[in-house]
Amino acid sequence: MAEPLRLPRRLLAPEPGWSLTADVVVVGSGIAGLTTALALRSHVESVLLVTKTVLDEGSTAWAQGGIAAALAPEDTPEEHLHDTLVAGVGVCDVDAVTALVREGPGRVRELVALGAEFDRGPDGEILLTREGGHHRDRIAHAGGDATGREISRALIAALHRVQDDPGIRVVEHALVVDLLQDADERVCGVTLHVIGEGQVDGVGAAHARAVVLATGGLGQVYGATTNPSVSTGDGMAVALRAGAVMADLEFVQFHPTVLWLGADSGGQQPLISEAVRGEGAVLVDAAGERVMAGVHPMGDLAPRDVVARAIVARMRATGSDHVYLDARHLGREKLERRFPTILAACRSHGIDPVTDLVPVAPAQHYASGGVAVDLVGRTSLEGLWACGECSCTGVHGANRLASNSLLEGLVFAHRIAQDVSDRLARGELPPTTPAPPDGESGVLLRPRHRHAVQQAMSAGSGAVRSAGSTAATAATLAALAADADAAGRTAGPRAWETTNLLHLGRLLTHVAGLREETRGGHVRDDFPRRDDEHWRGHLRAVRGPDGTVATSYHPVPDQHLDLPS
């Protein structure tokens, strides 16, 4: 029997040398964090918005495809609900998805009122396109393929309009280290390290009556990802160490079409949006054979997990490390108008989609799991909420439907802001005093550790897994953790980030080894089929007081969907 997984309570860090106080601390500046901060400011006196780099470098800005909502007269929230449940392969939370699709259209229209400029057709209406898994044109986009950047721009502009109000304070270049908790384990703030360019230096404490984590994903745990370099899973990791329940961490979405730059390329990779296939591009192998022919009724627009698995299978069958996306028939005018960002990225690497086949391969794209939350974003820890990719609302199930992520951040940010405001108004979250830090600390100290974590995760807990591969990865990560304990006693931002990746990698690998089936973003070589009898449900994990991680299985009701096997 494998040794139980044990994780430290906190990161090794200096005592806070300065402090700030606000009613609410919001950590993260993507669509989830910015929307939460703006909505909260309408109801509470003071909001502290903490961001790891600068306001406009959150993951939202990298979103190419768009934001999904039933905006067309012929579309309905019920159809959007069905497509989301099918993509989630039977384990979505139906109530959460219902909230998403019913509230989504109104929230998108509010974005327009806020100043977001979506692309429009000749009739002046928002132009809608289609992506994988959707049976309707319901993807609103901006600047062709720069939707996320336009949404970030509109939200940041709105934030700047109120920044003269002393009720909102923004701290940039700040890495959250750990959560502050009182003697009853209620969350009452965060410790954070502000890097040189920020307003203050070193480790400090931000005290608050409520904390909202909106820190994005964990893509940098893998060697190749579409996520920016800041996506080191900080929010998930601080919640995990503090004892919050985590859910569905094994469901990692690997985007099927990421620009293949060679076997030695690592880090953030250029994404070739699903919207390109939505406009008619097709996947082919080196011989020109269609990859998705006969695989799924929706062909090249099948859900992402289906397409990614088909690509991996074709790569294995042909002995290649990539396939190709053929968009040449779309023509120069359409490609340059619709996908200027993607064309610029491809051309910067010597590939012109107008005349060339585009080499692509799956790479990590999105974490469907994270900190478990309810319908108003509350975690299992009093005083702590989570929103966006770092959370697990249950909306995405085993595999996120294309362009649902921006919508989730938008819808649940408003739900969180309302819940936090209501609880503060009712006096349910009075100020409290953090307890002194206790429990063991842990940190990775050597620069080479990050690459070692990424190599191990990509090899054994990546797009395709098995009992043997996850066991090997678990052993490697355990050895890295032991090596770190013996390496020394100094720490800093890069070491803290790498430690966050280690802790999340160990938990992800642990639950991936437990789930003995293939479902959505979780693909097992040794269990290649979905097993609804034993595994139609959620794996949850929580770090106990002694550091041991306990897991539990929670079945979900049958959603009566006609799911492809």
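Since every read-out is calculated from the coordinates, none of them should be taken as a lab result. Everything quoted here is computed from the prediction, not taken from an experiment. Note that we place each Cβ from the backbone using ideal geometry, even for glycine, and neighbour counts take in every protein chain shown.
Worth pointing out:
- Local net charge near Ala435, Cβ-Cβ under 9 Å (Lys/Arg +1, Asp/Glu -1): -4
- Per-residue ellipticity at 222 nm, computed for the chain from helices alone with -39500 (n - 2.57) per DSSP H run of at least four residues, works out to -10500 deg cm²/dmol.
- Summarising the overall dimensions of region 12-140 from its C-alpha atoms, the Rg and Dmax are 18.3, 60 angstrom.
- Cα centroid separation - region 281-307 against region 218-266, whole Å: 25
- Nearest-0.05 FRET efficiency for Arg494 and Arg332, computed from C-beta distance (R0 45 Å): 0.55
- Listed candidates [x] 41, 33, 21; [y] 34, 28, 22; [z] 41, 25, 23 - label of the one calculated as semi-axes √(5λ) of the Cα gyration tensor in Å: [y]
- Label zone at Thr433, where the point sits 7 Å out along the Cα-to-Cβ direction: region 177-193 residues whose backbone N lies under 16 Å: 181-186, 188-189
- Calculated FRET efficiency for the pair Glu3/Ser466, C-beta based, R₀ 22 Å, to 0.05: 0.65
- Computed packing ranks the peptides 531-543, 89-101, 345-357, 216-228 as 216-228, 89-101, 531-543, 345-357, most packed first, by mean other Cβ atoms within 10 Å.
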